[in-house]
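The values are calculated or read from the model by the stated rules, or taken from the named source; none is laboratory data. Everything numeric in this text was worked out from a predicted model, so none of it was measured. Methodologically, a virtual Cβ is constructed for each residue, glycine included, from the backbone with ideal geometry; neighbour enumeration extends over all protein chains shown. Quick note on the areas: whole protein, heavy atoms, side chains included, nothing else; ligands and nucleic acids left out. Shrake-Rupley method; radii C 1.70, N 1.55, O 1.52, S 1.80 Å.
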Amino acid sequence: MADNEFVKIISSEGHEFYLEKKYAMVSGTIRSMLTGPGQFSETQLGEVRFPEISAPLLEKVIQYFHYKHRYTNSDTPIPEFKIEPESALELLMAANYLDT
């Protein structure tokens, strides 16, 4: 795969996650940053920084990107996406910001 098929997502602590662009595009916010009109640094660099989202939370969000991509328009039974109760509020806020 070419480098431009991957996106680097960076957490508040500076942890870098690399994922295929098709999974990152599940997020309306990331999709706008990477494909929107204009000269956004995210478009040019292929990386997105989230200074308010911690690495563990961002990891769970990325897992959800994979889950949503896999099961959108699926004919197979959709398994539950497990969320720990103690992180539910933070995940809800991150999902709202990321437009997922």
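The share of accessible area on the chain that comes from carbon and sulfur is 53 percent, using a 1.4 angstrom probe. Residues whose amide H comes within less than 5 Å of that of Val48, counting only those at least five positions distant or on another chain, are Lys8, Ile9, Ile10 (H built at 1.01 Å from N in the peptide plane). Structural descriptor for the chain: relative contact order 32 percent, calculated from alpha carbon pairs under 8 angstrom and at least 6 residues apart.
Average accessible surface for region 37-90: 75 Å² per residue, computed with a 1.4 Å probe over protein heavy atoms with every protein chain in place. Using only Cα atoms and rounding to the nearest 10 degrees, what angle (0 to 90) does helix 88-98 make with the longest principal axis of the chain? In the chain, helix 88-98 runs at an angle near 40 degrees to the longest axis. Here the label points at Met93 and Phe6, each 7 Å from Cα along the C-beta direction, are separated by 3.1 nm in the simple model. Most tightly packed first, judged by the mean number of other beta-carbon atoms within 10 Å of their residues, the peptides 84-91, 63-70, 13-20 read 63-70, 13-20, 84-91.
Can you classify the chain as rounded, prolate or oblate using the Cα gyration tensor, where a ≥ b ≥ c are the square roots of its eigenvalues, rounded means a/c under 1.5, and otherwise it's prolate if a/b beats b/c and oblate if not? Cα axes put the chain in the oblate bin.
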